[in-house]
Amino acid sequence: MKEVQEFLKSCGVYYLATIEDDKPRVRPFGTAEIFENHLYIQTGKKKDVYKQIEKNNKVEICAFNNGKWLRVSGKLIPDDRIEAKKDMLDKNPDLRGMYNELDDNTIVLYFEDATATFSSFTEEPKIIKF
């Protein structure tokens, strides 16, 4: 899981895919933190992305860096605990202008039943489950 997090951080931006009705939706994300042995991301409860995850929590991330790419698929589970949100915001202080662990909007989500696949054109795929 640490290898997945480090790759996502090295990219700076990765793309999260959700489903809205029968349409895929993809948008850029940047948070990827490990807390209590889970890989977490962060968003706002008021955003469409969170509403889509509430309806269907199966998502996929795609990231690319230095000729390698990573796909992470799994379920995102909301964690509304202040401790989890504070950990995310402390590790990403630039988000504090928009989010606060005590507000009604901030939400962090962790991956469950995740499969990460590292790929390139020159190496065999590497699969990590967490």
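The values are calculated or read from the model by the stated rules, or taken from the named source; none is laboratory data. Being a predicted model, the structure only gives us computed values, none of them experimental. Don't worry about glycine lacking a Cβ; one is built from the backbone with ideal geometry, like all the others, and counts go over all protein chains shown. Areas reflect the complete protein model, heavy atoms only, side chains present, ligands, DNA and RNA absent. Shrake-Rupley method; radii C 1.70, N 1.55, O 1.52, S 1.80 Å.
Observations
- The single condition among (1) open to solvent by 20 Å² or more (accessible area, probe 1.4 Å); (2) within 26 Å of residue 128 (Cα to Cα); (3) touching a residue at least 40 places away in the same chain (Cβ under 8 Å); (4) not β-branched (Val, Ile, Thr) that residue 33 does not satisfy is (1).
- When the range 38-60 is filtered for residues that are in a strand (DSSP E or B) and of a type in the set (D, E, K, R), the ones remaining, listed by number, are 58, 60.
- Of the residues making up the range 1-32, those that are in contact with a Phe, Trp or Tyr (Cβ under 9 Å, 6 or more places away or on another chain) and of a type outside the set (S, T, N, Q) number 16.
- Selection from the range 13-25 of residues that are touching a residue at least 12 places away in the same chain (Cβ under 8 Å) and open to solvent by 50 Å² or more (accessible area, probe 1.4 Å): 13, 15, 19, 20, 25
- Single residue of the range 38-74 satisfying the filter (open to solvent by less than 70 Å² (accessible area, probe 1.4 Å) and charged (D, E, K, R)) that is farthest from the chain's Cα centre (by Cα): 45
- In the range 1-12, the residues that are free of Cβ contacts under 8 Å to residues at least 40 places away in the same chain and open to solvent by less than 70 Å² (accessible area, probe 1.4 Å): 5, 12
- The test for being without any contact (Cβ under 8 Å) to a residue 40 or more places away in the chain, under 20 Å from residue 1 (Cβ atoms) and not acidic (Asp, Glu) does not hold for residue 56.
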